[in-house]
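One structure below.
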Amino acid sequence: MIGASLYIIACSTRNRVRRWVKRLGEPRYLVAALAGAAYFFFVLNTQLRVRSGAQQPLSRRASRSLAEQFPAFALGGAAVAGLAVLAVAAGSWLFPGTGTLLDFTRAEVQFLFPAPVSRRQLIVHRMMRSQVGLLFGPLVFAVLVPFGSNPARIRMAITLWILLFSARTYFSGIALARARLASREARKRQLARLPLMLVLGALASVAWPLGRALLGEPIVDANDALARVAAVSAQGLPRIALWPFVALASPLFAADWAPFLRSLPQALMVLLAAVAWVFLNDQAFDDITREIADEQRDRPPRRKAAYRARKVGWTLAPKGRAEPAFAWKAVLQTLRIVQVRILVRLGIFVGWMAMVASISSRGISASLAVFAMIVVAMSTLTGPLILRIDLRQDLQHLEVLKTWPVRAAELVRGEMLWPAALLSAIVWSMTGLALYLSTAVFSSTSLALRASAAAAVCLVAPALIAAQLAIHNAAALMFPAWVSLGGWRARGVDAVGQRLIVVGGTTLLVALAAAPGALLGGIIWFAFNRFIGPLVLVPAGAVCAAVIGVEVLLVTEALGPAYERLDVTAIERTE
Amino acid sequence: MALSVEHLRRTYGAFTAVDDLSFEVRAGEIVGLIGPNGAGKTTTLRSLAGILKPTSGLVRIDTHDLTGAPLEAKRRLAFMPDEPHLFEYLTVTEHLRLIGRLYGVPDIDRRSTALLGELELTGKETALPNELSRGMRQKVVIACGLVRDATTLLFDEPLTGLDPIGIRRMRTTIVARARDGAAILLSSHLLHLVEEVCTRVIIMDRGRKIADGTVAELASRADLAEAGSNLEQIFFRVTGHDTAGTAR
């Protein structure tokens with residue numbers, strides 16, 4: 001089977017490279033590849049110059065290892081990393097997947113499952129196949145990370161590979177163990193439960209002393225916090241409980257080869273233990289692979305999110321314009337994909353924010369106000385790039401969209417409507433919160449100025465959001481092969497170049513689109529500021545927003561020919 | 001003429017998938033589009049549905065040019081693809097409601113209920129596509145096409161994934177729609193189905209039309225006289241195979 005696996009890996013790698021080279025024959029991919037290569041060259045060149053001492057002050061700082069770069073890490077870095085690994089190990093029992101090792105492709109299900117190959121050999125095959133991705137990530141990270149000498153980077157890459165491989169194996173082990181939890185035999189269930197009990201036990205034995213150490217007395221600084229974590233993890237039961245997790249991470253914090261080589265065997269032992277655990281659980285493989293095969297059968301070619309049929313309290317009216325129908329569709333998509341996992345992540349984030357706010361020297365009000373302003377800025381400037389519930393996702397349904405009797409302008413406006421409304425709602429609520437708490441941050445600024453600025457933000461931000469969404473959707477129509485569809489993401493140098501071009505182009509176009517509005521708004525501010533004071537920001541903002549709004553309408557109206565020219569082959573080629 | 005195709009040509013780079021294809025489908029007619037794999041049937045149907053832009057040629061739906069007046073043409077057209085393509089976050093009823101809104105279908109709820117009953121989807125109204133079997137998803141796609149009064153219906157392998165009862169019902173539905181005045185173009189590899197329901201047959205091979213007529217007309221053609229009188233025999237003869245399927 002190892003020979004067959006190597007054959008599959010070699011053939012698929014060769015074919016992927018061939019396809020990539022062939023793709024470069026198209027000018028847009030070639031341009032993107034050149035842009036991506038230029039980016040990597042620039043980054044690497046900078047790194048090499050730094051390391052060769054061309055910039056002495058930076059070189060001294062950058063060539064140091066992680067531990068030297070951040071002295072506090074030498075003290076408690078491994079312990080903190082071990083704690084993080086433990087938290088992930090425990091958390092992954094709560095939110096398990098099948099584990100990417102068990103994420104067989106359709107072809108593997110079709111060809112290898114019926115083949116006379118043992119379950120264990122199938123797992124070995126997946127482990128071998130995953131090595132390309134597992135090696136690539138740490139290598140790129142080690143090259144691009146802005147600090148560390150060359151040997152330190154090699155050590156970092158090796159450790160990251162061990163960490164990632166262990167994590168992937170462990171997640172698959174969880175999937176197999178969970179499958180065994182449903183077994184009718186009590187002994188099998190007990191055995192499957194054992195690792196969970198061990199992880200929870202480790203968590204409990206560490207959480208209590210750690211909580212006492214951290215919350216007992218106020219923390220002076222990061223070094224103090226790290227020292228306390230190191231102290232807790234170095235003695236008694238927490239030391240034993242944390243050992244496998246610290247062992248995995250500790251090579252990352254080795255200052256030289258000697259300590260690295262001393263810590264490496266322990267990390268490899270943990271990795272081997274994870275592999276052995278997966279092999280021991282291979283009895284459950286039949287159950288889980290049946291599930292995988294079923295999923296593969298029903299799953300469309302690209303991985304898609306799971307939805308649940310929730311009622312959303314909005315029934316589409318049988319008559320009316322097309323735009324609200326698209327918005328309705330997007331609302332259903334958003335509300336039906338919301339999962340407990342996302343809510344928990346949100347809860348953790350809010351909890352973290354609350355914790356930061358409570359220990360901040362500014363006080364809770366000021367911290368929350370700053371946080372609200374950051375959210376406003378992020379939602380306005382990066383929200384449209386991240387929130388892709390528009391044509392960028394719906395291009396995968398182009399085959400259906402193209403048969404509908406809907407004008408391109410209506411389609412694009414309809415696709416933009418919901419993300420624009422959602423981001424605007426976030427901006428408005430956060431601006432309101434920031435205004436409410438603004439006294440804590442801008443105590444010397446008058447309420448009139450703060451309120452006027454907030455109102456102007458509420459007017460201009462939706463226009464800027466709409467402008468960016470219009471640009472992203474226009475780009476999706478004009479350069480469909482550059483759009484990452486759904487969960488699918490293009491990889492490779494040309495993909496990096498494409499993203500750079502898209503982000504750079506969008507930034508430039510937004511700046512150009514905002515310029516006339518900003519100019520008119522500026523004229524209004526200049527003309528009326530002396531008469532109505534800070535209140536002038538409101539009409540200035542309104543005029544600016546109106547100008548951008550008109551531009552957005554014109555852009556959507558101009559997209560008709562691009563939509564008519566577009567056909568599904570442009571999308572399919574990206575698969 | 002409900003559907004008129006003139007000199008349709010579609011290329012993918014250097015490869016010509018459909019070459020100089022011309023035909024018409026009148027109201028009430030069911031025309032079968034058959035051919036070996038790679039003959040260009042699906043490319044033809046997708047070009048007629050507005051999914052692929054023809055490289056050249058003219059497509060008219062009820063006299064409306066698909067390229068010049070796409071909205072008017074598409075309003076009169078329903079395309080049922082072989083691969084059920086649904087929005088994974090919309091239920092069965094919501095799909096029909098969305099179609100009703102976009103096509104301006106009056107009384108969409110009543111029509112939907114009746115159609116879901118006809119296609120044996122009653123009880124699945126609130127199901128998402130991932131809760132449906134492939135056959136049921138295919139039925140939803142067909143329901144989306146039939147819920148409006150399209151004058152031209154394009155079916156690409158409409159029976160794929162359907163059970164025997166579904167197949168029989170679908171045959172009845174197709175014939176009933178033609179009787180009501182729709183022009184139907186049906187692509188299928190099931191030659192017995194084509195022979196049974198179609199009033200005329202177009203055979204394609206390597207992107208070109210190589211035969212067009214009723215089964216009786218094709219059987220009486222001089223060069224096909226030896227082939228036999230059923231569609232399967234004619235098909236093999238026209239595409240250059242013997243009856244065992246071996247290329248001659």
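Some notes on this structure:
- The slack in the chain from A:Ile348 to A:Ile240, taken as 0.36 nm per residue of separation less the alpha-carbon distance, amounts to 36.1 nm.
- Paramagnetic label reach from A:Ile532 (point 7 Å along Cα→Cβ; backbone nitrogen cut-off under 20 Å): within the stretch A:432-469, residues A:446-463.
- Segment A:Leu44-A:Arg193, extension gain: residue separation times 0.36 nm, minus the distance between their alpha carbons: 48.9 nm
- For the pair B and A, the buried accessible area comes to roughly 3400 Å² in total, with a 1.4 Å probe and the value rounded to the nearest 100.
- Sulfur and carbon atoms: percent of accessible area, the stretch B:3-238 [1.4 Å]: 50
- Mean accessible surface per residue for the stretch A:360-572, computed with a 1.4 Å probe while every protein chain stays in place, in Å²: 43
- Calculated FRET efficiency for the pair A:Trp93/A:Leu215, C-beta based, R₀ 22 Å, to 0.05: 0.30
- Helix B:134-146 axis, angle to chain B major axis (alpha carbon atoms, nearest 10°): 90
- Centre-to-centre, using Cα atoms only, the stretch B:175-220 and the stretch A:107-140 are separated by 47 Å.
- The label point for B:Thr67 and the one for A:Arg106, both projected 7 Å from the Cα toward the Cβ, are 3.3 nm apart.
- Calculated [θ] (222 nm, deg cm²/dmol) that DSSP helices of n ≥ 4 give over chain B, each run adding -39,500 (n - 2.57): -10000 deg cm²/dmol
- When peptides A:396-408, A:168-180, B:86-98 are ranked by their average number of other Cβ atoms within 10 Å per residue, the highest-first order is A:168-180, B:86-98, A:396-408.
- Whole-Å distance, taken between Cα centres, linking the stretch B:128-171 and the stretch A:501-539: 53
- Helix axis angle, B:164-179 relative to chain B longest principal axis, alpha carbon, degrees: 80
- Where labels lie 7 Å past Cα in the beta-carbon direction, separation of A:Trp257 and B:Arg171 in nm: 7.9
- Compactness check for the stretch A:423-554: Cα Rg over 2.2 N^0.38 Å is 1.30.
- Mean partner shielding of peptide A:396-403, defined as the number of other chain Cβ atoms within 10 Å of each residue Cβ, is 6.
- Inter-chain shielding of B:66-77 (mean C-beta neighbours from other protein chains, 10 Å cut-off): 2
- Cβ-based net charge around A:Phe171, under 13 Å, with every Lys or Arg adding one and every Asp or Glu removing one: +2
- Viscosity 1.567 mPa s, 4 °C: Kirkwood-radius Stokes-Einstein D of the protein assembly as shown over Cα pairs, µm²/s: 41
- Charged-residue dipole, Cβ positions (Lys, Arg, Asp, Glu), the stretch B:3-238 about Cα centre, Debye nearest 20: 360
- 10 Å Cβ neighbours from other chains, averaged over peptide B:94-104: 5
- Once the Cβ-Cβ distance of A:Leu554 and A:Val21 is raised to the sixth power relative to R0 = 60 Å, the FRET efficiency obtained is 0.90.
- Extending 7 Å from Cα along the Cβ direction at A:Ala276 and again at B:Glu131 yields two label points whose distance is 4.6 nm.
- Peptides A:457-465, B:199-207 ordered by average Cβ neighbours within 10 Å, highest first: A:457-465, B:199-207
The values are calculated or read from the model by the stated rules, or taken from the named source; none is laboratory data. All values derive from a computational prediction rather than experimental measurement. Positions of Cβ are backbone-derived with ideal geometry, glycine not excepted, and every protein chain shown enters the neighbour counts. When the accessible area is computed, the model is the full protein with side chains, heavy atoms only, and any ligands, DNA or RNA have been set aside. Shrake-Rupley method; radii C 1.70, N 1.55, O 1.52, S 1.80 Å.
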